[in-house]
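Notes for the one structure printed next.
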Amino acid sequence: MTTTPATPLLEVTDLVRHYALPRESLFAPPPLVQALNGVSFRVEAGRSLGIVGESGSGKSTIARLVMALDQPTSGSVKLLGRDLHRLPRAELRTARRDLQMVFQDPYGSLDPRQTVARIVAEPLEALAETSRSEQRERAAESLAAVGLRSTDLGKYPHEFSGGQRQRIAIARALITRPKLIVADEPVSALDVSVQAQVLNLMQDLQQQFGISYLLISHDLAVVNHLCDEVCVLHRGVVVERGEPLRLFAHAEHPYTQALLAAVPRAEPPVRARAQPA
Ligand SMILES: Nc1ncnc2c1ncn2[C@@H]1O[C@H](COP(=O)(O)OP(=O)(O)OP(=O)(O)O)[C@@H](O)[C@H]1O
Ligand SMILES: [Mg+2]
């Protein structure tokens, strides 16, 4: 290990993102959407953090800023001590090896004209360090890790079910052997029966490869499956944080209570995480 134990895998400090909307009149200032208003959290290596909140609370804005796909108004995102928004472009590209993303929509996030082999190997191409044959080999390994076969490499996304497509998206995220995967609503577009399979796969990968997740969801039960800690986001501010089961049992903030009441379940699901050996 080159990092000291004190360096968190991810450290987000006072993150603010305001969007200026188009002016309504020449003389009025442009209206501001305050999507994030000072969000801070840490993810230690091998631990996972959930972000829950209703639609529009700022969850995907956090994901985009952590992935450095968007610039913050102020605040910082540090991955293993490196401030991603201040890194030169070439260094950011290398830092992305440790940081991958899985999106909500397994239909829209995979290019329909590319083969699975190309889709899964795409993050390696950005790093430009591997030969074509090595890329194919690594893509086959990644597919095996998510329960698909190397014979699937030559197929196209439309030949797979929604759950299988999300497995392909996870295989693509795994190919650089990342330390952190940002997953924005990874199962909410899937059938309920398939959701549990994909969550179980994500849990297996967490244990097998020591991956951390920054898992974004509107559903506390999904977060409970994979995360050690959860932050509740409301209008761009973290209003409560803690262990998922504690929040299930004793939510203190009225917004968290309202969020729990909106989940159509009589009881929280049993936490299925195995203890690390
Ligand atoms: N590019 C943008 N320009 C202007 N406003 C934006 C932009 N992106 C996000 N917003 C606004 O910022 C707020 C937070 O959006 P965000 O997408 O982060 O919410 P979310 O919690 O992910 O919601 P959902 O659960 O519906 O995905 C919303 O009010 C949204 O309209
Ligand atoms: Mg979103």
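From the set of residues in region 199-239 that are surrounded by 19 or more Cβ atoms within 10 Å (Cβ to Cβ) and among the polar types (S, T, N, Q), which is nearest to ligand 2 (Cβ to nearest atom)?
It comes out as SER217.
May I ask you to verify whether LEU69 is without any contact (Cβ under 8 Å) to a residue 12 or more places away in the chain and closer than 25 Å to ARG235 by Cα?
Working: without any contact (Cβ under 8 Å) to a residue 12 or more places away in the chain: yes; closer than 25 Å to ARG235 by Cα: yes.
The answer is yes for LEU69.
Return the pair list, or none, for Cβ contacts closer than 7 Å from residues in region 39-64 that are in contact (Cβ under 8 Å) with a residue 12 or more places away in the chain and of a type in the set (Val, Ile, Thr) to residues that are in a loop (DSSP other than H, G, I, E, B) and more than 10 Å from ligand 1 (Cβ to nearest atom), at least 6 apart or on different chains.
VAL43/PRO8; VAL43/LEU9
Need the failing condition index for GLU185 against (1) more than 18 Å from ARG165 (Cβ to Cβ); (2) out of contact with any helix residue (DSSP H, G or I) (no Cβ under 6 Å at 6 or more places or on another chain); (3) among the acidic types (Asp, Glu), just the number.
All conditions are met except number (1).
Looking only at region 170-189, which residues are within 16 Å of ligand 2 (Cβ to nearest atom) and closer than 24 Å to LEU9 by Cβ?
Those that are within 16 Å of ligand 2 (Cβ to nearest atom) and closer than 24 Å to LEU9 by Cβ: VAL182, ALA183, ASP184, GLU185, PRO186, VAL187.
So for region 77-94 (the condition being under 30 Å from HIS234 (Cβ atoms), surrounded by fewer than 21 Cβ atoms within 10 Å (Cβ to Cβ) and within 15 Å of ligand 1 (Cβ to nearest atom)), does at least one residue qualify?
No, region 77-94 has no match at all.
Right, ALA196: within 16 Å of ligand 1 (Cβ to nearest atom) and either assigned to a strand (DSSP E or B) or surrounded by fewer than 18 Cβ atoms within 10 Å (Cβ to Cβ) (or both) or not?
Working: within 16 Å of ligand 1 (Cβ to nearest atom): no; either assigned to a strand (DSSP E or B) or surrounded by fewer than 18 Cβ atoms within 10 Å (Cβ to Cβ) (or both): yes.
It is false that ALA196 is within 16 Å of ligand 1 (Cβ to nearest atom) and either assigned to a strand (DSSP E or B) or surrounded by fewer than 18 Cβ atoms within 10 Å (Cβ to Cβ) (or both).
Just to be sure I understand, how many residues within region 23-56 are at pLDDT 95 or above, within 13 Å of ligand 2 (Cβ to nearest atom) and either in contact with a His (Cβ under 6 Å, 6 or more places away or on another chain) or not β-branched (Val, Ile, Thr) (or both)?
2
Only one of LEU174, LEU205, LEU214, LEU180 is under 13 Å from the mean Cα position of the chain (by Cα) and more than 25 Å from SER57 (Cβ to Cβ). Can you tell me which?
Values: LEU205 fails: under 13 Å from the mean Cα position of the chain (by Cα); LEU214 fails: more than 25 Å from SER57 (Cβ to Cβ); LEU180 fails: more than 25 Å from SER57 (Cβ to Cβ).
After ruling out the rest, the residue left standing is LEU174.
Just one of the numbered conditions (1) modelled with pLDDT of 95 or more; (2) under 30 Å from GLN114 (Cα atoms) is not true of PRO186; which one?
(1)
Among ARG86, ARG17, ARG97, which is out of contact with any Lys or Arg (no Cβ under 7 Å at 6 or more places or on another chain), at pLDDT 90 or above, under 30 Å from GLY163 (Cα atoms) and among the charged types (D, E, K, R)?
When all the criteria are applied, what remains is ARG97.
The values are calculated or read from the model by the stated rules, or taken from the named source; none is laboratory data. Worth saying up front: this structure is predicted, and the values here are computed from it rather than measured. Quick reminder, even Gly has a Cβ in these numbers, built from the backbone with ideal geometry, and neighbours come from all protein chains shown.
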